[in-house]
Amino acid sequence: MTAPALLSWLDEPDSRRGLRFYRPPEAWTFYSYRLLAQATFAAAERLRDAGAAPGGMVALATGSAPEFVAGFFGAVAAGATPVPV
């Protein structure tokens, strides 16, 4: 089974590129794709350990944050469907 194209960025994540998230008070914090990929793999492992399985669903109850990105892509990597709530 091949990984979904949605996860192709995890193959060689660039540490020079990434996403910025707003962190109060009035600060934007940069998270590289490499750091987000590491968080995604860790989230996928935690989700599998908690019982997430291919074909299942994973509820995501986080705001716009690095944790959401890791949880979303971690669920996909675990074979589950992420469901933001």
Tensor-based shape of the chain (alpha-carbon gyration tensor, a/c under 1.5 rounded, otherwise prolate or oblate) | oblate
Measure nothing but the geometry: give the 0 to 90° angle between the long axis through the Cα atoms of 66-77 and the longest principal axis through the Cα atoms of the chain, rounded to 10°.
-> 20 degrees
Other-chain or far-sequence residues with amide H under 5 Å of Gly18's (modelled H) = Tyr33
For Thr81, enumerate residues with amide H under 5 Å from its amide H, sequence gap 5+ or separate chain, H modeled in the peptide plane.
-> Gly55, Gly56, Met57, Val58
Considering every pair of different Cα atoms, what Kirkwood radius, in Å, is found for the stretch 37-83?
-> 10.0 Å
In degrees between 0 and 90, to the nearest 10, how far off the longest principal axis of the chain does helix 33-49 point, with axes built from Cα atoms?
-> 40 degrees
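Going by a ≥ b ≥ c, the root eigenvalues of the Cα gyration tensor, does the stretch 1-50 fall in the rounded group (a/c under 1.5), the prolate group (a/b larger than b/c) or the oblate group?
Verdict is oblate for the stretch 1-50.
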Per residue, how much accessible area does the stretch 35-85 have with a 1.4 Å probe, in Å²?
-> 53 Å²
Residue farthest toward the positive end of the dipole of the chain, with Cβ of Lys/Arg at +1 and Asp/Glu at -1: which of Ala65, Leu47, Phe30?
-> Phe30
Thr62's amide H: which non-local residues (gap 5+, or another chain) put their own amide H closer than 5 Å, with H modeled 1.01 Å from N in plane and none for Pro or chain starts?
-> Val85
Expressed as a whole percentage, what fraction of the accessible surface of the chain belongs to carbon and sulfur atoms when a 1.4 Å probe is rolled over the protein heavy atoms?
-> 58 percent
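The values are calculated or read from the model by the stated rules, or taken from the named source; none is laboratory data. Only a predicted model underlies this, so the values are computations on that prediction, with no experimental measurement involved. All Cβ positions, even for glycine, are placed from backbone atoms using ideal geometry, and neighbour counts span all protein chains on display. SASA here: full protein model, heavy atoms, side chains in, ligands and nucleic acids out. Shrake-Rupley method; radii C 1.70, N 1.55, O 1.52, S 1.80 Å.
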